[in-house]
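Visitor: One structure coming up, written as structure tokens, with questions to follow.
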Amino acid sequence: MICMTLPAAWDLTGRTALITGAGSPTGIGFASARSLGQLGATVAITGTTARIHDRVDELRELGIDAHGFVARLESARLAGELGDALMGASVVPSILVNNAGMVSTGDTEMLSGDALMNPDDWDRSIALNLSSAFYMTRLVLPRMRAARWGRIVTVASVTGPVMASRGDISYAAAKAGLVGLTRALAVDEAGAAITANAVAPGWISTGSQLPSEALEGAHVPAGRSGTADEVAAAIVWLATPGASYVTGQVIVVDGGNSVAEQRLAP
């Protein structure tokens with residue numbers, strides 16, 4: 001049930017949040033949509049298949065005003081089609097969560113490799129993981145500027161901005177690019193009271209996590225993989241009124257993995 005007595009710093013009543021890549025019931029996108037809705041926001045979620053409508057039903061069962069759209073976002077044309085659909089549904093986002101893209105290891109459309117990878121796979125990986133966030137930001141920014149209020153939160157990764165995995169060069173490059181995009185947006189849009197920040201998850205236990213990834217997660221200082229809700233908590237805070245003086249930042253959510261020199265147990 002939605003709390004109606006939220007502190008002003010957390011209250012998103014009257015705001016509309018667009019969360020991309022929210023089709024998985026166990027993923028970061030859906031967890032973020034649920035949390036944003038519980039703070040009073042209307043939520044619009046996208047996914048690449050019709051299962052996004054199941055997520056909408058789940059959100060509505062919680063009393064959240066939710067809308068779902070089947071969309072791919074890796075080109076200006078595809079993002080524009082989503083923009084038309086949003087307009088048709090009278091959805092005007094003041095919060096954007098750029099979550100769509102491939103997960104790293106284990107994705108069924110994995111398009112990575114080392115520096116000798118197929119150039120077509122490189123182009124597609126960059127389109128899915130980096131360009132899609134640019135196209136979505138470009139889509140919602142004019143209305144945010146006009147309203148002089150906005151929150152853009154982009155889901156990057158520790159891979160690229162902070163660390164690197166073997167054989168994952170295009171994903172790492174794209175996720176590092178998201179941080180550059182975020183910081184440039186923060187500088188450009190601060191005068192319109194629009195903030196831009198990124199969240200960089202580490203090993204997170206979702207439905208797509210492989211056993212090998214779970215094993216890696218067990219060796220971080222926290223001793224476990226994180227949860228989608230733990231990443232969503234950081235995303236949601238950055239979207240609230242209380243985070244109005246935080247912009248251009250990258251919040252790492254990795255259980256201390258990126259700061260630990262030692263991996264062996266004491």
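Any read-out appearing in this document is the output of simple, stated calculations on the displayed coordinates, not a laboratory observation. Since we're looking at a predicted model, the values are computed, not measured. For neighbour counting, all protein chains shown are included, and Cβ atoms are generated from backbone atoms with ideal geometry for every residue, glycine included.
Visitor: For a Förster distance of 30 Å, can you work out the FRET efficiency between the beta-carbons of Met87 and Asp188, rounded to the nearest 0.05?
Guide: Numbers: r = 24 Å, r/R0 = 0.81.
The value I calculate is 0.80.
Visitor: Where Lys and Arg each count +1 and Asp and Glu each count -1, what net charge lies around Ala41 among other residues with Cβ under 11 Å from its Cβ? Show your work: numbers first, answer last.
Guide: Values: positive: Arg15, Arg34, Arg151; negative: Asp11, Asp65.
Spelling it out: positives minus negatives among the neighbours equals +1.
Visitor: Summing Lys, Arg as +1 and Asp, Glu as -1, what charge do residues with Cβ under 15 Å from the Cβ of Val92 carry, Val92 excluded?
Guide: On the way: positive: Arg15, Arg143, Arg145, Arg148, Arg151; negative: Asp65, Asp84.
Residues close to Val92 contribute a combined charge of +3.
Visitor: Now a separate question. Just to confirm the filter: which GluC sites (Glu not before Pro) across region 122-222 are DSSP coil and have at most 12 other Cβ within 10 angstrom of their Cβ?
Guide: Loop-located and lightly packed - none at all.
Visitor: Now, a different point. Using only alpha carbon pairs under 8 Å that are at least six residues apart, calculate the relative contact order of region 136-180 and give it in whole percent. Walk me through the numbers before you get to the answer.
Guide: Numbers: 25 pairs, mean separation 14.6, N = 45.
With pairs under 8 Å counted, the relative contact order is 32 percent.
Visitor: Moving on to the next point. Provide the net charge surrounding Arg15, with neighbours chosen by a C-beta distance below 14 Å and charges set as Lys +1, Arg +1, Asp -1, Glu -1.
Guide: Numbers: positive: Arg143, Arg148, Arg151; negative: Asp11, Asp65.
Neighbourhood net charge equals +1.
Visitor: Just to be sure I understand the model, the point goes 7 Å from the Cα along the line to the Cβ. What's the resulting Arg145 to Val259 distance in nm?
Guide: Roughly 3.8 nm, to one decimal.
Visitor: Among 49-59, 28-38, 228-238, how do they line up by average Cβ neighbours within 10 Å per residue, starting with the highest?
Guide: Details: 49-59: 16.3, 28-38: 26.3, 228-238: 22.1.
The peptides rank, most packed first, as 28-38, 228-238, 49-59.
Visitor: Let me ask something else about it. Among all helices in the chain defined by DSSP H, which have a length of 24 Å or more along the axis from Cα atoms plus a Kyte-Doolittle mean of at least -0.5? Don't skip to the end; give the middle numbers.
Guide: Details: long enough: 169-189 (30 Å, 0.77).
Within the chain the helices that satisfy the rule are 169-189.
Visitor: Once fully extended, how much extra length lies between Thr227 and Ser212, figured as 0.36 nm per residue of separation less the alpha-carbon to alpha-carbon distance? Please list the in-between numbers first.
Guide: Details: separation 15, 0.36 × 15 = 5.40 nm, distance 1.64 nm.
Between Thr227 and Ser212, full extension yields an extra 3.8 nm.
Visitor: Might you report the magnitude of the Cβ-based charge dipole of the chain about its Cα centre, with Lys and Arg at +1 and Asp and Glu at -1, to the nearest 20 debye?
Guide: On the way: 18 positive and 24 negative charges, 135 e Å.
So the dipole magnitude of the chain works out to roughly 640 debye.
Visitor: Right, here's the next one. Ratio to report: Rg/Rh of region 9-62, with Cα atoms as the point set and Rh obtained by the Kirkwood method; give two decimals.
Guide: Numbers: Rg = 10.5 Å, Rh = 10.9 Å.
Expressed as Rg/Rh, it is 0.96.
Visitor: Per the helix-only calculation at 222 nm, which mean residue ellipticity applies to the chain, given -39500 (n - 2.57) for every DSSP H run of n ≥ 4 and division by its residues, nearest 500 deg cm²/dmol? Display every interim value, and only then the final one.
Guide: Working: 8 runs with 98 residues, N = 266.
Calculated from helices alone, the mean residue ellipticity at 222 nm is -11500 deg cm²/dmol.
Visitor: In percent, what relative contact order does the chain have, based on Cα pairs under 8 Å that are 6 or more apart in sequence? Don't skip to the end; give the middle numbers.
Guide: Values: 560 pairs, mean separation 50.4, N = 266.
Answer for the chain is 19 percent.
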